[in-house]
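Below is one structure, written out as structure tokens; the observations come after it.
The values are calculated or read from the model by the stated rules, or taken from the named source; none is laboratory data. From a predicted model like this one, the values you see are computed outputs, not experimental measurements. A quick note on method: Cβ atoms are made from the backbone with ideal geometry, for glycine too, and the neighbour counts reach across all protein chains shown. Quick note on the areas: whole protein, heavy atoms, side chains included, nothing else; ligands and nucleic acids left out. Shrake-Rupley method; radii C 1.70, N 1.55, O 1.52, S 1.80 Å.
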Amino acid sequence: MSRPTLAITLGDVAGIGPEITAKSLLHHPEVREVCRPVVVGDADALRAGVRLVGGAPDRVRVVDSPADAGADPEAIDVVQVGGSLAHVPHGELSAEAGDGAARFVMAACDLARRGLVDGIVTPPLNKAAMHLGGHRWPGHTELLAHEFGVENFSLVLSAGDLYFFHLTTHVSLADAIKNVTPQRTDAVLRLAGAFATALGRPDEAIGVAGLNPHAGENRLFGDEDADVLEPAVARARAAGINASGPLPADALIPAAVKGKWKLVVVCYHDQGHAPFKAVYGDDGVNITVGLPVVRVSVDHGTAFDIAGQGIARESSLVLAIRRAAELAPGWDHVWRTAQAAG
């Protein structure tokens, strides 16, 4: 099977995106064994990243299209988006960098829509900088969904064969509670069931975490679990999806880490992210399920406090590239299965 072509966006150039991209493509030959990487971003900012990690900046080569990318393992091919951002200082919020980070994602989506890349891998952007740059999206996931015109999608944290689907993500906790609706819960359960089917495991058990402590404890700690989540699980089971819950999150998530559950649905950002990052750290990635092409991201931020020092770890980005390369050949099945599930 031919290697998939992956668009690697550069992220916020004031952060660690350029240096971890340089490290991933210069220091890890195994990456090129599984994919054809093409950076989408700013060549000058990437050259600065290459210098930071001890490489020669002339290894960065601008190409007009991913189709022009060569096979030279010593070169990093870049599709230039906009003007140079080499003047942007490291470690500072920048409207220019935020605008660039968003435009890099948009350009990668355009390449995917035109069939020029098979997947997208995203180093981190800074949400505040993106907003300063005029792009008012809560994060990468919502921007990607907008670019592909999809409404039913989920941020999924993954480590190995464990997947955490999220009912809500980048909203306040008060809004997250409001957004755990029957419609949203039904949609994410269908996505999780479709993903399990596409992976060849249609009967895989899906554990649904309760919103409230003890999954509401028979309404002692709130009514949402009984009124929203429990009926949604029943509807999913009636549709052939092997869902269970709502279950107390403090029991479900440790059991999942120990291998009892492979697919978990959590209700809000920190319910999934906090324990996941505590356990898996750089061994986790972020997958967006519900897009027509695979998108995998690092599971960390722009790290402004260490940007520009060449010390940022690239392991999460290397893992994201490898996971995208692994998933890309069969992603059309994931997409079609999710579409069929409504």
Worksheet, complete the sentence: So the angle from the long Cα axis of helix 95-113 to the longest Cα principal axis of the chain, reported in degrees to the nearest 10, equals 80 degrees
Item to complete: Give me the aspartates and glutamates in straight-line cross-link reach of K262: C-alpha distance below 15 Å, same-chain residues under 8 apart excluded.
Response: D161, D203, E204
Practice prompt. Rank-order 66-75, 89-98 by packing density, defined as the average count of other C-beta atoms within 10 Å over each peptide's residues, highest first.
Written response: 89-98, 66-75
Discussion item. Between helix 315-327 and the chain, what is the angle of the helix's C-alpha long axis to the longest principal axis, kept within 0 to 90° and rounded to the nearest 10?
Written reply: 70 degrees
Practice prompt. Straight distance only, please: which lysines reach the Cα of K260 with their own Cα at less than 22 Å, same-chain residues fewer than 8 apart left out?
Written response: K277
Worksheet, complete the sentence: Of the candidates V298, N242, L211, the farthest towards the positive dipole end of the chain (Lys/Arg Cβ +1, Asp/Glu Cβ -1, centred on the Cα centre) is N242
Practice prompt. With a point put 7 Å past each Cα toward its Cβ, work out how far N218 is from I177 in nm, to one decimal.
Written response: 2.3 nm
Worksheet item: What FRET efficiency do you get for H87 and D110 if R0 is 25 Å and r is their Cβ-Cβ distance, rounded to the nearest 0.05?
Response: 0.45
Worksheet item: Alpha carbon centre of the range 229-264 versus the range 269-329: separation in Å?
Response: 24 Å
Practice prompt. With a point put 7 Å past each Cα toward its Cβ, work out how far R3 is from A75 in nm, to one decimal.
Written response: 1.4 nm
Practice prompt. Could I have the simple spin-label model distance between D64 and K258, label points 7 Å from Cα toward Cβ, reported in nm to one decimal?
Written response: 6.0 nm
Item to complete: Could you grab the Rg to Rh ratio for the range 171-254? Cα atoms only, Kirkwood for Rh.
Response: 0.98
Worksheet item: So which aspartates and glutamates can K178 reach, going by Cα to Cα under 17 Å and dropping same-chain residues fewer than 8 places off?
Response: D186, D223, E224, D225, D227, E230, D270
Worksheet item: Roughly speaking, what is the centre-to-centre gap between the range 78-117 and the range 124-178 when only Cα atoms are used, to the nearest Å?
Response: 18 Å
Worksheet item: Working out 0.36 nm times the residue gap between A238 and A340, then minus their Cα-Cα distance, what length gain in nm do you get to one decimal?
Response: 35.1 nm
Discussion item. Can you pull out the GluC sites (Glu not before Pro) in the range 120-164 whose DSSP state is coil and whose Cβ has at most 10 other Cβ atoms within 10 Å?
Written reply: E151
Fill in: Per residue accessible area in Å² of the range 252-323, where ligands, DNA and RNA are left out and the probe is 1.4 Å
36 Å²
Practice prompt. Would you look at the GNM of the chain, springs on alpha carbons closer than 10 Å, and say which of L211, L46, L116 moves the most?
Written response: L116
Worksheet entry | DSSP beta bridge pairing in the chain, given as percent antiparallel to the nearest 5 | 30 percent
Discussion item. Using only Cα atoms and rounding to the nearest 10 degrees, what angle (0 to 90) does helix 17-26 make with the longest principal axis of the chain?
Written reply: 70 degrees
Practice prompt. Would you list the P(r) distribution for the chain, with all Cα-Cα distances sorted into 10 Å bins from 0 and each bin expressed as a whole %?
Written response: 6, 27, 33, 22, 10, 2, 0
Worksheet item: Tell me, what % of the accessible area of the chain is carbon and sulfur with a 1.4 angstrom probe?
Response: 52 percent
Worksheet, complete the sentence: With T = 37 °C, eta = 0.692 mPa s and Kirkwood Rh from C-alpha pairs, the Stokes-Einstein D of the range 117-275 in µm²/s is about 201 µm²/s
